[in-house]
Amino acid sequence: MWPEGTRVYINAYISYTHGMATTIRVDHDTHARLVELSEASGATLIDTVRDAAEARRRQRFAHRVAEELESLRADPEAWTAYLADGDSTAVTDGIG
């Protein structure tokens, strides 16, 4: 589609910016992957970019949670307190 190394510009119309355009530069391979994902899902390119950003945000959050839990596990006293706190705030589901 474009010569190797060409930068592609994507105009991102994001609803929370009240229709204002933001242009992002991505390399050819990234653009091709975004187009492929967009076509495969039937979503627009901007919806695919939004979904990718949200997926990355969630991934980073999960990574931080995992790191914090690992830190707690490394401290037996803190881990025991964490588990006790969870037990004390547990809510039964009413089944069984």
Matching residues in segment 43-96 - criterion: being within 30 Å of His31 (Cβ to Cβ) and either open to solvent by less than 80 Å² (accessible area, probe 1.4 Å) or in contact (Cβ under 8 Å) with a residue 60 or more places away in the chain (or both)
Ala43, Thr44, Leu45, Ile46, Asp47, Thr48, Val49, Ala52, Ala53, Glu54, Ala55, Ala62
Open to solvent by 70 Å² or more (accessible area, probe 1.4 Å), in contact with a Phe, Trp or Tyr (Cβ under 8 Å, 6 or more places away or on another chain) and at pLDDT below 90: does that describe Thr23?
yes
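The values are calculated or read from the model by the stated rules, or taken from the named source; none is laboratory data. Model, not experiment: these values are computed from the prediction. Counting neighbours? That spans all protein chains shown, and the Cβs are built from the backbone with ideal geometry, glycine included. Note: areas computed on protein heavy atoms with side chains; ligands, DNA, RNA excluded. Shrake-Rupley method; radii C 1.70, N 1.55, O 1.52, S 1.80 Å.
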